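Structure, as structure tokens:
The values are calculated or read from the model by the stated rules, or taken from the named source; none is laboratory data. All of these numbers come straight from a predicted model, not from anything done at the bench. Here the Cβ positions follow ideal geometry from the backbone for every residue, glycine too, while neighbour counts run over all protein chains shown.
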Amino acid sequence: MNKKDQDKIKAFGMTNHMIMSDLTQIQNNFSIDLGHTKEINRTEDEMYYPQFSLLIRTEASKMSLYYEMFYCLEKTIRELVSQGIEAIENTVDWWNSGRIPISIAQEVVSRIQKEIDSGVSRRSADEIDYTTFGELSQIIVTNWDIFGSIFSSKKAVEKVMSSLNTLRGPIAHCGVLAEDEVLRLKLTMRDWFRLME
């Protein structure tokens, strides 16, 4: 399967996810069950979960959809960066090939060490998984010789990634997206996939 077909499949998946998000919003707004969501098994947490207010649980349920959207998007972008540089450098050790800006590489080393020092399990063995959304944008732009054939415009990539990074804040930090920002998120995600057409 060629790259364009893979991108179309990814765009189809994200469009489907946005439709699911819209259906869930309708379900929540009108207190109806459209039967498109699965019930989460909370048997272990049943004694704790009900102690949170209904308002907070409802917000959490609503925001979980946007978290999933962002999770998928960020993982997809990391995969795109990894595969793009690895293919050009022809090595699985592409991270150390000189294509990652030094400031980002140093910051990633610091984040990994901080995680090790805290005694928790490492989130990943791959350095790319320690990059922020803004850093991913910088890596793409820095390696435009690779990604220029995938995206239609460097400035558009920077603009869309900046917008997504701003929208990411409330999602990643347990805030609630206003209705306008939900619409902005959906449109910006569409903009992202349009960049690869």
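In the range 159-181, the residues that are in contact (Cβ under 8 Å) with a residue 24 or more places away in the chain reach residues that are among the charged types (D, E, K, R) with C-beta atoms within less than 6 angstrom, at least six apart or across chains, in these pairs: Val160/Asp191; Val176/Glu59. Of the listed requirements (1) surrounded by 15 or more Cβ atoms within 10 Å (Cβ to Cβ); (2) touching an Asp or Glu at 6+ places or on another chain (Cβ under 9 Å); (3) without any contact (Cβ under 8 Å) to a residue 60 or more places away in the chain, Ser152 misses just one: (1).
For the range 140-148, the count of residues that are in contact (Cβ under 8 Å) with a residue 24 or more places away in the chain and among the aliphatic types (A, V, I, L, M) is nonzero. Within the range 96-118, residues that are part of a helix (DSSP H, G or I) have Cβ atoms under 9 Å from residues that are modelled with pLDDT under 95 and surrounded by fewer than 15 Cβ atoms within 10 Å (Cβ to Cβ) in these pairs: Ala105/Asn96; Ile112/Arg122; Glu115/Ser121; Glu115/Arg122; Glu115/Arg123; Ile116/Arg122, counting only partners at least 6 apart in sequence or on another chain.
Looking only at residues in the range 67-95 that are polar (S, T, N, Q) and either in contact with an Asp or Glu (Cβ under 7 Å, 6 or more places away or on another chain) or outside any helix (DSSP H, G or I) (or both), which one is surrounded by the fewest Cβ atoms within 10 Å (Cβ to Cβ)?
Quick first cut of the range 67-95, residues polar (S, T, N, Q) only: 76, 82-83, 90-91.
With the extra rule that they be either in contact with an Asp or Glu (Cβ under 7 Å, 6 or more places away or on another chain) or outside any helix (DSSP H, G or I) (or both), the set shrinks to 90-91.
Values: Asn90: 8, Thr91: 12.
Among residues in the range 67-95 that are polar (S, T, N, Q) and either in contact with an Asp or Glu (Cβ under 7 Å, 6 or more places away or on another chain) or outside any helix (DSSP H, G or I) (or both), the one surrounded by the fewest Cβ atoms within 10 Å (Cβ to Cβ) is Asn90.
Within the group Val120, Val141, Val160, Val176, which residue is at pLDDT below 95 and within 21 Å of Ile85 (Cβ to Cβ)? Explain how you work it out, then say what you get.
Details: Val120 fails: within 21 Å of Ile85 (Cβ to Cβ); Val141 fails: at pLDDT below 95; Val176 fails: within 21 Å of Ile85 (Cβ to Cβ).
Answer to the check: Val160.
Picking from Lys38, Lys62, Lys8, which residue would you name as being modelled with pLDDT under 75 and surrounded by 13 or more Cβ atoms within 10 Å (Cβ to Cβ)?
Values: Lys38 fails: surrounded by 13 or more Cβ atoms within 10 Å (Cβ to Cβ); Lys62 fails: modelled with pLDDT under 75.
Answer to the selection: Lys8.
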